[in-house]
1. Restricting to the stretch 87-120, and then to whatever is under 13 Å from ALA156 (Cα atoms) and modelled with pLDDT under 90, can you tell me which residue is surrounded by the fewest Cβ atoms within 10 Å (Cβ to Cβ)?
2. Could you check the stretch 12-64 and list, in sequence order, the residues that are of a type in the set (Asp, Glu) and over 24 Å from GLN104 (Cα atoms)?
3. Go through the residues of the stretch 177-200 one by one and say whether even a single one is closer than 17 Å to ARG128 by Cα and either not β-branched (Val, Ile, Thr) or not in a helix (DSSP H, G or I) (or both).
4. Pick from the stretch 145-169 the residues that are in a loop (DSSP other than H, G, I, E, B) and in contact with a Leu (Cβ under 9 Å, 6 or more places away or on another chain): which of them is modelled with the lowest pLDDT?
5. Could you run through the stretch 38-73 and say how many residues are more than 22 Å from ARG102 (Cα to Cα) and acidic (Asp, Glu)?
6. List, please: which pairs have Cβ atoms under 7 Å, are six or more places apart or on different chains, and start with a residue in the stretch 26-51 that is in contact (Cβ under 8 Å) with a residue 40 or more places away in the chain and closer than 23 Å to GLU80 by Cα and end with one that is in a helix (DSSP H, G or I) and of a type in the set (D, E, K, R)?
Amino acid sequence: MATKIFTPTNQIKLTNIATVRLKKGGKRFEIACYRNKVISWRNKEEKDIDEVLQTHTVFSNVSKGQAAKKEDLMAAFNTEDQTKICVEILEKGELQVSDKERQQHFENTYKEIASIVSGKCINPETKRPYTISMIEQAMRDIHYSVNPGRNAKQQALDVIRQLKQSENIKIQQAQMKVQLTLPAKDAKRVKEKVHKLTTNIENEEFMGDSMQMICSIDPGVFREMDEIIRAETKGKGQLELLSLMDVVEGDETLNDLNDEEN
């Protein structure tokens, strides 16, 4: 006679998950999330809870698929609303990752921080941006360690402040003031494409069969903007550097924090 395999009704099998764990009221509670979404949620980059949770179920053990008991949830959280409990665990719990995953995340974040710094700063002597690899080396020289609780944008500002105080590299946080000269017939199309690369548009006006626009950009996007203008105008448009402007540190911090909230 064939043997019937018994599967407990409170077991849920999930794969390719990231587990967040919270200990409360003497019990362990876990939720199953999609990989890479927990940090996005905590950084307020992802706002849809359904994009973060694999299931609106609270577990006592995710890896074994064991759902938490309702009486334990009520005792610890004073509610049986599993979605509300999931949100609390997501915000307060500890993300469980393997050593390999943790190392990969740190390496990716390290490079992302260096990329942001490279895009916002220049060598004050050459007036040119540093390469990402040069910024990474400078970060190693000051022994910078990635903080898993902060996003790359916030940490890039920390790195800039520390590098300014370092004797290993000369660095200046700057904006480029540039002037775009575009054929009038291409102006609207090109403006739409380069608008995302600007931090501020100071002035724009049509002069005969061309349009001139003066705007501010991060140093790291100068080349990308130049390539767009050349391609979209078939070489008839021009991008000219007018000046470099120091960024006020307090203003830069405020702007970035506002970006993260939006």
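1. Within the stretch 87-120, the first condition is being under 13 Å from ALA156 (Cα atoms), and the residues that meet it are 109-120.
Remaining after also requiring modelled with pLDDT under 90: 119-120.
Details: GLY119: 19, LYS120: 24.
So the residue we want is GLY119.
2. Residues of the stretch 12-64 that are of a type in the set (Asp, Glu), as a first pass: 30, 45-46, 48, 50-51.
Once the filter is applied, which keeps residues that are of a type in the set (Asp, Glu) and over 24 Å from GLN104 (Cα atoms), the stretch 12-64 yields ASP48, ASP50.
3. yes
4. First pass over the stretch 145-169, keeping only residues in a loop (DSSP other than H, G, I, E, B): 145-151, 166-169.
After this cut, where a residue has to be in contact with a Leu (Cβ under 9 Å, 6 or more places away or on another chain) as well, the list is 148, 169.
Details: PRO148: 78, ILE169: 91.
Out of the qualifying residues, it is PRO148.
5. Counting residues in the stretch 38-73 that are more than 22 Å from ARG102 (Cα to Cα) and acidic (Asp, Glu) gives 4.
6. If the second residue must be in a helix (DSSP H, G or I) and of a type in the set (D, E, K, R), the pairs left are LYS27/ASP72.
The values are calculated or read from the model by the stated rules, or taken from the named source; none is laboratory data. In this text the structure is predicted, and so the values were computed from the model without any measurement. Backbone-built Cβ (ideal geometry, glycine too); neighbour counts: all protein chains shown.
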